[in-house]
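Values in this text are rule-based calculations from the coordinates and carry no lab data. Quick caveat: nothing in here was measured; it's all calculated off a predicted structure. Because the Cβ atoms are built from the backbone with ideal geometry, glycine has one as well, and the counts that use them run over all protein chains shown.
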């Protein structure tokens with residue numbers, strides 16, 4: 001459990017944008033100022049953007065002392081694992097942005113290291129603290145976390161006016177997620193915060209800063225900008 005006065009920084013969908021990740025980690029480290037903090041990364045490390053391999057390598061390398069990393073699994077991460085373990089058709093992955101992920105490894109499936117696939121597959125589906133649950137896409141508000149459908153956790157899309165959080169007898173918690181892109185976001189509601197700003201395409205990544213002692217949404221937003229991806233698919 002994080003100590004009093006600590007903060008949690010949340011990085012949404014990266015999709016191969018190593019440049020944005022590098023900048024985000026530098027900003028978080030500076031903001032934390034040597035104090036203990038948690039960084040939650042909401043998944044979708046791969047596909048669409050130019051450097052899936054680099055994103056994985058950077059996260060696997062860890063962060064500065066005092067910063068804790070919770071790195072969740074997104075639907076694109078699960079898709080890549082399924083393809084490279086032979087459970088999903090390669091064409092399905094390539095059509096959904098896997099072509100750029102594969103290119104970052106040199107273009108040959110045989111050259112994707114097993115340790116990267118094992119790392120992706122080993123990502124948890126949620127992270128929870130006293131006031132919030134962090135997940136790639138969303139939760140069923142009526143079910144305890146242990147009873148949630150893993151596919152729903154990685155693929156749910158809320159209606160834009162849905163302000164529900166999560167309770168299910170476990171205590172009311174604000175839901176922090178990505179997955180559903182809003183280029184003009186983030187979308188901040190009473191019960192949930194959607195931080196996905198289509199960063200891989202727009203070059204605009206927004207980090208949510210949460211006070212671990214306070215319930216609800218972010219107390220601050222940190223915006224990272226870089227050039228948009230000129231080759232981005234719609």
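See the values below:
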{"read-out": "Acute angle (nearest 10 degrees) that the helix 75-84 long axis makes with the longest principal axis of the chain, alpha-carbon atoms", "value": "30"}
{"read-out": "Order of 166, 15 - criterion: other Cβ atoms within 10 Å of each residue's Cβ, fewest first", "value": "166, 15"}
{"read-out": "Sequence-separation-based contact order of region 126-227, relative, with Cα cut under 8 Å and 6+ spacing, percent", "value": "23"}
{"read-out": "Average Cα contact separation per residue, region 1-151, under 8 Å, 6 or more apart, as relative contact order %", "value": "23"}
{"read-out": "Among 111-119, 99-107, 18-26, the order from most to least packed when residues are scored by Cβ within 10 Å on average", "value": "18-26, 99-107, 111-119"}
{"read-out": "Fraction of beta bridges assigned by DSSP in the chain that are antiparallel (%, nearest 5)", "value": "50"}
{"read-out": "The chain shape via C-alpha gyration tensor axes, a/c threshold 1.5", "value": "prolate"}
{"read-out": "Extent along principal axes [Cα atoms of region 33-114; Å; largest to smallest]", "value": "46, 22, 21"}
{"read-out": "Nearest-ten-degree value, helix 18-32 long axis tilted from longest Cα axis of the chain", "value": "20"}
{"read-out": "Fewest-first ranking of 13, 167, using other Cβ atoms within 10 Å as the exposure measure", "value": "167, 13"}
{"read-out": "Residue exposure sequence - 180, 149 - by fewest surrounding Cβ within 10 Å", "value": "149, 180"}
